[in-house]
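In what follows, a structure is listed as structure tokens, so that the remarks can point back to it.
The values are calculated or read from the model by the stated rules, or taken from the named source; none is laboratory data. Remember, predicted model here, so these are calculated numbers, not experimental data. Cβ atoms come from the backbone with ideal geometry, glycine included; neighbour counts cover every protein chain shown.
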Amino acid sequence: MAAEHPDVVSPLKILCPARLLDIPTLASILNHMVKYQDQTLDRTFAALSDPTRRALLARLVEEESLSVSELAQPFAMSLPAIMKHLDVLSDAGLIAREKTGRTVACRLTAQPMEQAMSCLNRYARFWSENLDRLAAFVEEDPWPDQRPNQWPNQQQPPSSPSVPASPSREGFARGRKKSTPRGPTRKT
């Protein structure tokens, strides 16, 4: 058998699927595919996850454009904290800022919300169809007590009288324990 030259790579080693993951460029592509996510949608949902940011957006729905100080007015937090929330909303593309002199005005942008609604509508259709199928199944299949007797010759299912009931089932077999009588009530 001839000795392999160290600079020559056998075609079998290259084509072996397990060895493909050892090639750095292919491994990074695979890793990117595994970690692939729609980053715009992720940022949108992350921005909407905070109640303060949702309240800021609600204020911008009421007014077309508000300055940062006007947006911050009803909140019991510092202006730098509001600015951080606005940064997150801006990074997600949910708001646009315009600076006029010393005043920064914020307004809503629709595209990220439209993408989020499109995503949610796909899930709503999926769950609606599945719940409709479940409802149809439940409605067409009668409950066990409505079915005719399933035991041949009208016999009841076999029972095992020799097995005593467990302590937890004994109280259930005798019936529920009655609650104590009601105490005195105060008349007003």
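Within the set SER67, SER90, SER118, the sole residue that is more than 21 Å from LEU41 (Cβ to Cβ) and small (Gly, Ala, Ser) turns out to be SER67.
Residues PHE126, PHE75: which one is modelled with pLDDT of 90 or more, among the aromatic types (Phe, Trp, Tyr) and surrounded by 10 or more Cβ atoms within 10 Å (Cβ to Cβ)?
One residue alone meets the criteria, PHE75.
Taking segment 69-125 as the range and being more than 13 Å from LEU57 (Cβ to Cβ) and among the polar types (S, T, N, Q) as the test, the residues that pass are SER69, GLN73, SER78, THR100, THR103, GLN111, GLN115, SER118, ASN121. Determine whether SER69 is under 29 Å from ALA116 (Cα atoms) and at pLDDT below 90. No, not satisfied.
Of the set (1) in contact (Cβ under 8 Å) with a residue 24 or more places away in the chain; (2) of a type outside the set (D, E, K, R); (3) in a strand (DSSP E or B), all apply to ILE82 but (3).
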